[in-house]
Amino acid sequence: MSVSIKSAREIELMRAAGKILEKVHDNLGKALRPGMSTLEIDRLGEEIIRSYGCIPSFKNYNGYPASVCVSVNNEVVHGIPSKMHLLREGDIVSLDIGVIYKGYHSDAARTHGIGEISEDAALLIERTRQSFFEGIKYAKEGHHLHEISNAIAAYAESFGYGVVRDLVGHGIGTHLHEDPQIPNFTQKSRGVRLKAGMTLAIEPMINAGRYDVVWQEDNWTVVTQDGSLSAHYENTVLVTAGEPEILSLSSTEA
Ligand code: CO
C-alpha cells in the first residue's frame, strides 16, 4: 500500500474542490422537503455540481447510475435515486456527493432530517457527525491511521450503535478511491503512519441497531440487516503537522 503525498499545487486544487462540494451540500440540503423524490434530489444535485464547473464523480462509477447517493432511513449508503421514492416528514436522508475539479476529487456526506424527526433519529445524526470529529483528532502527522478508526468506534459504540464494517473510508486525490482504506471500527493493528500532505475521505456509517448490513437486489443499495436507521457523515481531510484541515467544510456548520 502506498499513500500519496499531495504537493502544494495539488492541495490548492483539492481545497477548491472541497469548497465547491461544501456549497453543493449546503444548497442541496436546503432544497429538501417532504414530497420531493430522491430522483429530483439527484437531478438538482447534478445541476448544482455542474454550475460550479465540476463533474459528478459518482456518475457511472462502476456503473452507479446517478450523481448523488440518496439513502433514506434504514438505507446506509449508495441508495439509487428514483422518481417513485418520495421523501416524507420524519425521514432521515443521507446525501453522499463526489465532485471532480480540474482532475481532483472531493467526497463528502451529510444526513438530514425531513421536517420534524424523532429524538432518536436526531441523536443518531448528531452522534454520527461527532464520531467523525472524534476520529480526526488523530488525523495528524505522527499519529497512526487506526487511531482514527478506534476513536470513531469507541465514541459511536458508547451509545450502543453499530459501526458499519463492510464499507470503509479511503484516500482521495486524482482518484475517488486511493490507499489507504480507512475502517471506522476498532482495529488490532495501528495502521500506516500519517504524514502531512495525505488526503483522506473519512466517513463513519453508523446504525442505530446492529452493525450488520445487506445489499439489496439492485446490487448497490446497502441497508441495515435489522431494519434500524442509519446515518452517514463524511469529509475530505488534509493531514498536516498540526490540526487537520477539513477541505469539504470551511464553515462551522454542516
Ligand atoms: Co467516500
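What the table below lists for this structure:
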{"item": "Value of relative contact order over the chain, rounded to a whole percent, pairs C-alpha under 8 Å and six or more apart", "result": "23"}
{"item": "Proximal aspartates and glutamates to Lys140, defined as alpha-carbon separation beneath 20 angstrom and excluding residues fewer than eight positions away on the same chain", "result": "Glu10, Glu12, Asp107, Glu178, Asp179, Glu203, Glu234, Glu243, Glu245"}
{"item": "Equivalent ellipsoid semi-axes - Cα gyration tensor, the chain, angstrom", "result": "26, 22, 16"}
{"item": "Between region 132-186 and region 6-23, the Cα center-to-center distance that results, in Å", "result": "21"}
{"item": "Volume per residue that the Cα convex hull of region 25-81 spans, once the total is divided by residue count, Å³", "result": "79"}
{"item": "Segments 216-222, 168-174 sorted - mean Cβ within 10 Å per residue, highest first", "result": "168-174, 216-222"}
{"item": "For region 35-157: rounded, prolate or oblate by the Cα gyration tensor [a/c cutoff 1.5]", "result": "oblate"}
{"item": "Hits among lysines - C-alpha to C-alpha of Lys30 under 30 Å, sequence gap 8 or more where chains match", "result": "Lys19, Lys59, Lys83, Lys102, Lys137"}
{"item": "Interchain or long-range residues, amide H under 5 Å from Glu178's placed H", "result": "Gly171, Ile172"}
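Bear in mind these aren't lab numbers, they're just calculated from the coordinates by the rules spelled out. Worth saying up front: this structure is predicted, and the values here are computed from it rather than measured. Ideal geometry is used to build each Cβ from the backbone, glycine not excepted, and the neighbour counts take in all protein chains shown.
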